Every structure is written in structure tokens, then in C-alpha cells.
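Okay, structure first, notes after.
The values are calculated or read from the model by the stated rules, or taken from the named source; none is laboratory data. It should be emphasised that the depicted structure is a prediction, and the values quoted were computed from it without experimental measurement. As a convention, Cβ positions derive from the backbone with ideal geometry for all residues, glycine included, and neighbour counts pool all protein chains shown. What goes into the accessible areas is simple: the full protein's heavy atoms, side chains included, and nothing from ligands, DNA or RNA. Shrake-Rupley method; radii C 1.70, N 1.55, O 1.52, S 1.80 Å.
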Amino acid sequence: MHLGMSGRFTIIDPTQKQKPGTFHHETGGSSLHDHVVFHLENGARIIYNDPRRFGFMDIVPRNTLESCRHFKSMGIEPLGNALDGDHIRAVFEGKKAPLKAALLDQSLIAGLGNIYVCEALYRSGLSPKRRAGTLSSKRGAMQDKADKLADIIRDVLIEAVEAGGSSLRDFAQTDGSLGYFQHRFRVYDREDEPCVTKSCAGTIKRIVQSGRSTFFCPKCQK
Ligand SMILES: [Zn+2]
């Protein structure tokens, strides 16, 4: 199942009175856009709602998942054991593309979106404009950067999952409420605000790279 741009699953369980938590925003979600409803044996319903209809569902035998058309050109899972400094060094080797673009390339590492790449680069002190290939260096000041970046990517994603994701657009929890990670952005969507890194007097800048906004601190991201 792919959520596309605006797909959303909501679980309606009449036996479950308590919701997982309380959230700042409530979402509407017109039932006009409920395209698929799963009726479970226990009476619960899982509803797939998708106003923009870019989402899709497909049935694939489990043993062909890796090679099926949806996954075969995808890179490694950032939360799996395969993501480490060695992987980053190997796939970025010789790459002249900006680091930001290389991290968004789903064939190298799958599942990293714009927000999380901005946050991870900020926490790593790496400029989004730096050539991706420079992270392959095993010498000098760059030596440990790929290891550190791999750890930070994992930290950012785990933090976001625990906070319930980000809700800048239409994504929501399975109970219909929106995620909370956006309250923890350190750099994303903070153009012209002071850098939050202690001892840094920088100001967050916004630039556009491959059509997407990049937020970064030119002072502490090199
Ligand atoms: Zn800074």
C-alpha cells in the first residue's frame, strides 16, 4: 500500500473507547474520499481515505517482494542494519551531486524525505551544498562524517516516529490525529530565525535544491 501524496488509514474500532493520545489538531477527511474499507472480524474497520488519489494498493507474493516493480530499484531501509558509514561511503563515492540531493535519492537510501534530510544534515553539521562524494573520504577531517551521519539519520527518524510523524501536509495517525514532530524541527521551516546551536550566531537560510526547499545554517554546516 502506498499513501501517495495524501492517503491516510484510519482505524475505527467500536470496542476501543480510548484513543492512543490527545493531539493538537483534528483532521476532517471527507468520507467522500474513502476509497477502500477493510471490515475486520472483530467489528473494526480500516478505512483508506485519499483526496488526491495518488495512492495505490497492489498484491504481491511475499517471496517476490524484493524483486517486484515497486521495490526493486529502491535503496536500503534507513532504519535497518544496512545503513552505516560504510554504506554511505560506498554509494556516495565519486558523486558530484549535492549531499542533499544524494540523500533524497531513493535508490541509494529509501524513505528519507525533505524534512528529515534537512534535520539530519543540520545535526551533522554538514552543508547540503557539499558534494556527496566528499563523504567517501577515509582521511582527514571527513573521516568520521559518514559514520556520524548514518547515526544521526537513524536518530532523527526514530525521534519522528516516536513523536507521531510530521503533519505539514495531510499525514495523520491511524486515529485521524496529526503528528507532532514538526514541533521539534531545529532547522526546517525556520528561515531567518537564529540558529539553535549553542555558540552559533548564524541565521537559518532557505535555498531551493532540485525544486525542494532546503533549510540550513551557513555558519555551522560546512
Ligand atoms: Zn548554526
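For region 147-188, residues that are at pLDDT 95 or above and closer than 30 Å to residue 37 by Cβ total 0. The set of residues from region 22-52 being modelled with pLDDT under 90, of a type outside the set (A, V, I, L, M, F, W, C) and open to solvent by 100 Å² or more (accessible area, probe 1.4 Å) comprises 22, 24, 26, 52. Residues that are hydroxyl-bearing (Ser, Thr, Tyr) and either open to solvent by 80 Å² or more (accessible area, probe 1.4 Å) or in contact with a strand residue (DSSP E or B) (Cβ under 9 Å, 6 or more places away or on another chain) (or both) were ranked within region 186-222; the one that is farthest from the ligand (Cβ to nearest atom) is 210. Counting the residues of region 141-155 that are acidic (Asp, Glu) and not in a helix (DSSP H, G or I) gives 1.
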